[in-house]
Amino acid sequence: MTTAAIKNPGTKKRRDIAFPIVNTIVLVLLCFLTLYPVLNTLAYSFNDGLDAVKGGIGLWPRVWSLDSYDSLVKDPAIYQAFWISFSKTILTTFLNLFWTGMLAYALSRREYVLRKFITLVLVFTMYINAGLIPNYLLISKTLGLKNTYWVYIIPAMFSCFNMIVIRTYIAGLPEALVESAKIDGAGDLRAYYQIILPLCLPVMATVALFVAVGAWNSWFDTYLYNGSKKDLYSMQYLLKMKLATTQNQASNAAASTAEALAAQQKSKTTPITVRSAITVISAVPILVVYPFLQKYFVTGMALGSVKG
């Protein structure tokens with residue numbers, strides 16, 4: 001405590017009161033700035049398309065309409081695309097955690113003589129990328145995964161970055177846990193699945209969220225490898241195609257032809273409302289899952305970044 005504070009205790013009291021007030025005001029403003037784009041997008045998605053062209057929509061729809069959502073969900077292909085995206089997200093997340101976790105455990109063992117060499121080789125691949133064309137030739141020609149469902153799964157079964165995060169977390173666990181298990185006769189697999197894996201729940205949840213979000217939002221793999229197979233379209237790719245179709249309709253209407261303008265007015269959708277509806281539909285599954293993983297996500301990020 002400073003001499004001025006001792007002589008004038010009222011100053012310290014005013015500071016103690018002022019800081020929470022200022023802190024609350026700043027956090028409320030930051031919260032509003034963060035939520036406003038989300039709420040504005042939600043308002044546009046539920047607004048009438050032709051009215052939305054006028055602009056000026058804030059946090060509440062001006063003219064309520066479900067036409068943008070109806071134009072998306074009335075197509076039966078959206079349900080097949082949803083199943084493709086959902087199944088590939090689940091499989092990719094599970095297999096990535098399975099292979100990445102086991103390799104991370106193996107490379108965290110000090111008695112494994114090749115752990116430094118293998119880690120160096122894997123990290124080296126993070127700095128040097130062959131590029132899009134070699135990857136395309138490898139996946140489509142060498143592996144023969146083009147126009148197959150497995151093009152979504154096999155290339156995403158392992159991630160070097162995720163392996164490093166998990167290995168760093170495991171390296172921070174007490175070595176005595178594995179040593180005591182081996183004294184009792186447990187092998188490496190049993191030690192990993194019964195002792196290490198339960199303790200790695202926070203970092204596993206963190207990595208699972210990374211992988212799931214990436215798999216759910218990916219559309220470029222469909223564009224490259226399955227663009228000619230409509231039954232293998234992912235939902236993100238299909239929604240992107242629908243947005244492009246809506247934009248083309250808007251361009252035709254802008255050409256002032258009577259038929260195109262009538263079609264645009266009949267649909268009652270515009271690119272801005274369809275884009276907003278697509279954003280909402282794409283984000284809802286992640287928003288539903290994230291609250292259940294938030295506790296583990298924060299813990300895993302903190303511990304995985306400082307241990308090792």
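For region 92-198, compute Rh as the Kirkwood radius over C-alpha pairs and then the Stokes-Einstein diffusion coefficient at 25 °C and 0.890 mPa s; write the answer in µm²/s, rounded to an integer.
My calculation gives 157 µm²/s for D.
Most exposed first by the Cβ proxy, i.e. fewest other Cβ within 10 Å, how do Glu179, Glu111 rank?
On the way: Glu179 11, Glu111 6.
By the 10 Å Cβ count, ascending, the order reads Glu111, Glu179.
In nm, to one decimal, how far is the Leu177 label point from the Arg62 one, both placed 7 Å along Cα→Cβ?
5.8 nm
Based on the mean of other Cβ atoms within 10 Å per residue, sort peptides 114-124, 207-217 so the most packed one is first.
Answer by packing, highest mean first, reads 207-217, 114-124.
Under a Cβ-Cβ cut-off of 12 Å, what is the net charge of the residues other than Glu111 that fall near it, where Lys and Arg count +1 and Asp and Glu count -1? Walk me through the numbers on the way to the answer.
Values: positive: Arg109, Arg110, Arg115, Lys182; negative: Glu175, Glu179, Asp188.
That sum, taken over residues with Cβ under 12 Å, equals +1.
So what's the net charge close to Ala191: Lys and Arg +1, Asp and Glu -1, counting the other residues with Cβ under 12 Å from its Cβ?
Neighbourhood net charge equals -1.
Sorting check: for 193-201, 46-54, which peptide has the highest mean count of neighbouring beta carbons within 10 Å, and how do the rest follow? Let's see the in-between values first.
On the way: 193-201: 15.2, 46-54: 19.3.
Put in order of decreasing packing, that is 46-54, 193-201.
Give the long-range amide H neighbours of Asn47: residues separated by 5 or more places, or on another chain, with amide H under 5 Å away, using H modelled in the peptide plane at 1.01 Å from N.
Long-range HN contacts for Asn47: Ser65.
Taking the Cα centre of region 59-113 as origin and charging only Cβ (+1 Lys, Arg; -1 Asp, Glu), how large is the dipole, in debye to the nearest 20? Mind dumping the intermediate values first?
Details: 5 positive and 4 negative charges, 53 e Å.
Charge dipole of region 59-113: 260 debye, to the nearest 20.
Throughout, read-outs are computed from the coordinates displayed, never taken from laboratory work. Computed from a prediction, not measured in an experiment: that's the story for all the values here. Virtual Cβ from ideal backbone geometry, glycine too; neighbours counted across all protein chains shown.
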